[in-house]
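Q: One structure, pasted below without further comment.
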Amino acid sequence: MRRFAITVLILGLLASTIASLEIRAQEHGSKHGFGIKQYDDFHDVLHPLQHEALPNKDFKTIRTKSALLTQRGRAIVKVGTPAKISDENRAEFTRELKKFTKALTKFRNDAKRGSDAQLEMSYSAVHDSFEMLAALLPRR
């Protein structure tokens with residue numbers, strides 16, 4: 001009887017832990033839901049690079065994903081300034097989009113033939129520029 005109670009307790013704790021992890025994953029998704037597909041797609045590639053590859057100095061992974069990140073970044077540039085950007089943020093958003101475009105070009109070039117240090121700098125510029133754009137998007 002005691003063994004059964006311990007087994008039930010362990011299974012309950014395991015189920016609770018799994019449910020908690022699922023809730024956190026859903027919260028992370030909604031936290032970064034930008035409401036614009038191109039931004040969400042870009043972030044899907046950017047996030048693991050920022051939180052896994054970069055801290056581990058895994059420049060090989062960053063180089064491997066650079067073409068996809070650049071492609072998705074260009075899709076953001078094609079969107080231009082979204083209509084839902086407020087008039088007060090429109091000029092700043094346009095400036096940030098130009099910076100983002102330049103950062104993407106430098107990153108693409110550094111991923112192809114730059115040093116790891118250059119790649120780290122240009123990747124960080126792309127990340128920071130994207131964060132600025134995302135901060136200017138209205139939240140749902």
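Q: Please state which one of Leu104, Leu97 is more than 15 Å from Arg63 (Cα to Cα) and either in contact (Cβ under 8 Å) with a residue 12 or more places away in the chain or among the small types (Gly, Ala, Ser) (or both). Show your work before the answer.
A: Details: Leu104 fails: more than 15 Å from Arg63 (Cα to Cα).
Of the residues listed, the single one that is more than 15 Å from Arg63 (Cα to Cα) and either in contact (Cβ under 8 Å) with a residue 12 or more places away in the chain or among the small types (Gly, Ala, Ser) (or both) is Leu97.
Q: Report whether or not Phe93 is buried (at least 17 other Cβ atoms within 10 Å of the Cβ) and modelled with pLDDT under 95. Break it down stepwise before answering.
A: Working: buried (at least 17 other Cβ atoms within 10 Å of the Cβ): yes; modelled with pLDDT under 95: no.
No; evaluated as a whole, the condition is false for this residue.
The values are calculated or read from the model by the stated rules, or taken from the named source; none is laboratory data. Everything quoted here is computed from the prediction, not taken from an experiment. Cβ sites come from the backbone with ideal geometry, for glycine too, and all protein chains shown count toward neighbours.
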